[in-house]
1. Taking helices (runs of 4 or more DSSP H) that do not extend beyond the stretch 30-73, which have at least 3 residues that are in contact (Cβ under 8 Å) with a residue 60 or more places away in the chain and of a type in the set (Asp, Glu)?
2. Inside the stretch 6-56, can you point out the residues that are among the small types (Gly, Ala, Ser), modelled with pLDDT of 65 or more, surrounded by fewer than 13 Cβ atoms within 10 Å (Cβ to Cβ) and more than 14 Å from LEU71 (Cα to Cα)?
Amino acid sequence: MTTRALLVGAALLYGAALLDGAAPLDGQSSPRAGMLEQDGWAALKGGNAVAAAASFREAIALDPKNAWLRLGA
């Protein structure tokens, strides 16, 4: 499986969870982490894995128990 296929799969999984109304597994502890998470998913959607990784890495530092951040990373 290619990296692109994995990224697309992760984005689809995340999107499906949002449609089902799922919240982050451990709750969001930082509004800044939420903004970085949105930036990360947008970067993945736009094909910019480097920017996505940076956003998710910074968000994980703020909210280390959020599983969605680790999925994105």
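The values are calculated or read from the model by the stated rules, or taken from the named source; none is laboratory data. The model shown is predicted, which means the values in this text are computed figures rather than measured ones. Cβ placement follows ideal geometry from the backbone for every residue including glycine, while neighbour counts extend to all protein chains displayed.
1. Numbers: elements: 31-45, 49-62, 67-72.
Here the list is empty.
2. Taking the stretch 6-56 first, the residues among the small types (Gly, Ala, Ser) are 9-11, 15-17, 21-23, 27, 29-30, 33-34, 40, 42-43, 46-47, 49, 51-55.
Right, trim to modelled with pLDDT of 65 or more and you get 9-11, 29-30, 33-34, 40, 42-43, 46-47, 49, 51-55.
If we keep only those that are surrounded by fewer than 13 Cβ atoms within 10 Å (Cβ to Cβ) as well, we get 9, 46-47.
Selection gives GLY46, GLY47.
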